[in-house]
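Take a look at the structure below.
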Amino acid sequence: MAEKVNQQMNPSAPTNKQPSRDEESATSLSNQELRKKKRIKLGIYIAAFVVFQAIVITAFSLTVMRVKTPKVRLGTVMLQDVKTGNQTSPSFDISFTTQVRIKNTNFGPYKYESTNATFTYQGVTVGQVSIPNGKVRFCSTKKVTVTVSVNSNALPISTTSTTLGSELGAEVLTLNNHAKLSGEVELMFVMKKKKAAEMNCTMPIDLSTKAVQLNCN
């Protein structure tokens, strides 16, 4: 009787249940699906990264690596000394100061050679000034102050007796200015691109008010 009670109070340990084939198959399919989803996510991430890189490279090429031609212009003209004749004896001898402004919008410095800025009247050179060689930093403007003297000494008599006499009578003397800078833009310390900056300006000088209105292109 006691043995029977002991058997009831100390039942044997439960045996380990082996997974069925259906459960093994379901687990295997579940693992495959997880791996497949991971591969799909990885592919999406890679594709997104490639597209992002393509956009960055394109934007970089269109902005930073694009070489634009620098611009050269004259700044405000300040008349220093103005001497003119009259309609019967037309002549002029004028000195003024101004700034040659070289604007570089590239993401690299612009180095240019020395050159001359020429001032003309009716196609005849009446004065010129030297622009020394220099360097303009990236995305900046360099200003070179110059003093210019122009006179009518080289003008032919036909010009002075007709056109110049008329302009002096109207008290508006129109000069033209031209300059061309030859140089190169350096990008990323590796690529160099030759660029020439050119300036063409019209300078109407109001002899009554001593004011100059520049029109450059």
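The values are calculated or read from the model by the stated rules, or taken from the named source; none is laboratory data. Treat the numbers as computed from the prediction; the structure is a model and nothing was measured. Please note: Cβ atoms are built from the backbone with ideal geometry, for glycine as well, and neighbour counts cover all protein chains shown. With ligands, DNA and RNA removed, areas are computed over all heavy atoms of the protein, side chains included. Shrake-Rupley method; radii C 1.70, N 1.55, O 1.52, S 1.80 Å.
Which of (1) surrounded by 10 or more Cβ atoms within 10 Å (Cβ to Cβ); (2) more than 21 Å from the chain's Cα centre (by Cα); (3) modelled with pLDDT of 85 or more does residue 49 not meet, given it meets every other one?
Here residue 49 meets the rest and fails (3).
Scan (1) open to solvent by less than 70 Å² (accessible area, probe 1.4 Å); (2) closer than 13 Å to residue 203 by Cβ for the single condition residue 76 breaks and write down its number.
It fails just one condition, (1).
Can you tell me which residue in region 175-204 is most open to solvent (accessible area, probe 1.4 Å), limited to those that are in a strand (DSSP E or B) and either without any contact (Cβ under 8 Å) to a residue 24 or more places away in the chain or touching a Phe, Trp or Tyr at 6+ places or on another chain (Cβ under 6 Å) (or both)? Even if it seems obvious, please write down each step before you answer.
Let us first name the residues in region 175-204 that are in a strand (DSSP E or B), namely 175-187, 191-204.
In the following step, the residues that additionally are either without any contact (Cβ under 8 Å) to a residue 24 or more places away in the chain or touching a Phe, Trp or Tyr at 6+ places or on another chain (Cβ under 6 Å) (or both) were identified as 175, 177, 181, 183, 185, 192, 194.
On the way: 175: 0, 177: 5, 181: 1, 183: 17, 185: 0, 192: 119, 194: 168 Å².
Applying the filter and picking the extreme gives 194.
Go through (1) closer than 21 Å to residue 216 by Cα; (2) open to solvent by 60 Å² or more (accessible area, probe 1.4 Å) one by one and return the number of the condition residue 135 breaks.
The failed condition is (1).
Looking only at region 149-166, filter to residues that are part of a helix (DSSP H, G or I) and touching a residue at least 40 places away in the same chain (Cβ under 8 Å); which one of those is surrounded by the fewest Cβ atoms within 10 Å (Cβ to Cβ)? Let's see the steps before the verdict.
Quick first cut of region 149-166, residues part of a helix (DSSP H, G or I) only: 157-166.
With touching a residue at least 40 places away in the same chain (Cβ under 8 Å) added as a condition, the list becomes 160-161, 163-166.
Working: 160: 19, 161: 15, 163: 15, 164: 22, 165: 18, 166: 12.
The selected residue is 166.
Being farther than 22 Å from residue 217 by Cα, in contact with a helix residue (DSSP H, G or I) (Cβ under 6 Å, 6 or more places away or on another chain) and open to solvent by 70 Å² or more (accessible area, probe 1.4 Å), is that true of even one residue in region 101-122? Before the answer, list the steps.
Keep residues of region 101-122 that are farther than 22 Å from residue 217 by Cα, which gives 107-109.
Keeping just the survivors that are in contact with a helix residue (DSSP H, G or I) (Cβ under 6 Å, 6 or more places away or on another chain) gives none.
Within region 101-122 (the criterion being farther than 22 Å from residue 217 by Cα, in contact with a helix residue (DSSP H, G or I) (Cβ under 6 Å, 6 or more places away or on another chain) and open to solvent by 70 Å² or more (accessible area, probe 1.4 Å)), the answer is no, since none of the residues qualifies.
Assess whether residue 68 counts as being charged (D, E, K, R), in a strand (DSSP E or B), within 34 Å of the chain's Cα centre (by Cα) and within 28 Å of residue 197 (Cβ to Cβ).
Numbers: charged (D, E, K, R): yes; in a strand (DSSP E or B): no; within 34 Å of the chain's Cα centre (by Cα): yes; within 28 Å of residue 197 (Cβ to Cβ): yes.
In short, no.
So in region 205-216, with the set limited to residues that are open to solvent by less than 60 Å² (accessible area, probe 1.4 Å) and in a loop (DSSP other than H, G, I, E, B), which one is farthest from residue 123 (Cα to Cα)?
Initial filter on region 205-216 (open to solvent by less than 60 Å² (accessible area, probe 1.4 Å)): 205-207, 211-212, 214, 216.
Of the ones still in play, those that are also in a loop (DSSP other than H, G, I, E, B) are 207, 214.
On the way: 207: 21, 214: 18 Å.
Checked region 205-216; the qualifying residue farthest from residue 123 (Cα to Cα) is 207.
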